[in-house]
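See below for the structure under consideration.
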Amino acid sequence: MNPHLDSFAEILDEAALNRRAVPRLTDTAALDVPSAYEVQRAVIERRLARGETLIGIKMGFTSRAKMVQMGVDDVIWGLLTDAMLIESHVDTADLIHPRIEPEIAFLIDRPVRTPADAVDAVGGIAVGYEVLDSRYEGFRFTLSDVIADNASAAGFGLGPWHRPRDVGNVGMLLEIDGRTVASGSSAAILGDPMRSLAAAARLAEAAGIELQPGWVILAGAATAAIPLPAGAHVRVSAAGLGRAEVTTR
Ligand code: OOG
């Protein structure tokens, strides 16, 4: 790999480890989208070298609400590792400026050899949440910056798995300490979160990554992301899918 891309990966990895935001890579260098995905891959390789394992894919900017919030206009993806899975607590001191957003998640239970297999390979559907933590100052970035930064992925949590069902238009809520802070419909996710799953399968195939049984695909948020405060109780819910909850310190 180009040493200059590798040094970008080091900057982003250290920013996450040290919980210190860094200037945008594109402030000082040109970075096209393919190179940005190379940086993302190198950031993940550093995590894998520390013993983490890949457990899925997250999609980003699959809704207008997110594109408008962050000022970008293309769907992106990132990789999820086991260390990102949140059971019930998040320590906000481990993060720079975390935000949270409600998600629809798919559980893959059969190997996906071609993108056409993806829909039939779904063994479960759940409501979940994603904790985002841009490694960039001010949570501001260009499309290439955020791709390099693994689509701001920091953590995610899941509600109970349900048998596959139509989730094309279900109401979704994000509540913090009992107050609704965001609401939307899953239809905001590319018209149907299933389309986001198909897009994830296509992107993974193009990148030479095979979706594995047990992997989770996060389809992307239906609403804008909300700052995640310390000492809070957060609940996300989706009609027919129950809820996922997390408390923060
Ligand atoms: C990038 C991640 C976007 C989504 O669901 O749209 C994303 C960001 O907003 O920091 O995960």
_With the structure loaded, tell me whether L17 is more than 25 Å from A204 (Cα to Cα) and of a type outside the set (G, A, S) or whether it fails that test._
yes
_I'm trying to understand the selection: among the residues of segment 34-93, which are over 21 Å from Q212 (Cα atoms), open to solvent by less than 60 Å² (accessible area, probe 1.4 Å), at pLDDT 95 or above and in a helix (DSSP H, G or I)?_
S35, A36, V39, T92
*asked:* Please go through segment 139-167 and give me each residue that is among the acidic types (D, E) and within 15 Å of the ligand (Cβ to nearest atom), ordered by number.
replied: D145, D149
*Among G138, G168, G123, which is on the phi > 0 side of the Ramachandran plot and surrounded by fewer than 19 Cβ atoms within 10 Å (Cβ to Cβ)?*
G138
*Return yes or no: is G60 near the ligand (Cβ under 8 Å from one of its atoms) and within 11 Å of L218 (Cβ to Cβ)?*
yes
*Output for segment 124-139, where each listed residue is touching a residue at least 60 places away in the same chain (Cβ under 8 Å), of a type in the set (G, A, S) and either over 21 Å from V90 (Cβ atoms) or not in a strand (DSSP E or B) (or both)*: S134, G138
_If V90 satisfies all but one of (1) farther than 30 Å from A118 by Cα; (2) out of contact with any Gly (no Cβ under 8 Å at 6 or more places or on another chain), what's the number of the condition it fails?_
(2)
*Within segment 94-120, work out how many residues are open to solvent by less than 10 Å² (accessible area, probe 1.4 Å) and either outside any strand (DSSP E or B) or within 17 Å of G242 (Cβ to Cβ) (or both).*
6
*Quick one: which of L190, L197 is open to solvent by less than 60 Å² (accessible area, probe 1.4 Å), within 16 Å of the ligand (Cβ to nearest atom) and either basic (K, R) or assigned to a loop (DSSP other than H, G, I, E, B) (or both)?*
L190
*Provide a single number: the residues in segment 99-138 that are farther than 18 Å from G220 by Cβ and within 11 Å of the ligand (Cβ to nearest atom).*
2
_When you check T247 against the structure, is it without any contact (Cβ under 8 Å) to a residue 24 or more places away in the chain, in a strand (DSSP E or B) and not aliphatic (A, V, I, L, M), yes or no?_
no
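The values are calculated or read from the model by the stated rules, or taken from the named source; none is laboratory data. A quick note: this is a predicted structure, and the numbers were derived from the prediction, not measured. Please note: Cβ atoms are built from the backbone with ideal geometry, for glycine as well, and neighbour counts cover all protein chains shown. The protein model used for the area step is the full one, side chains on, heavy atoms only, and it has no ligands, DNA or RNA in it. Shrake-Rupley method; radii C 1.70, N 1.55, O 1.52, S 1.80 Å.
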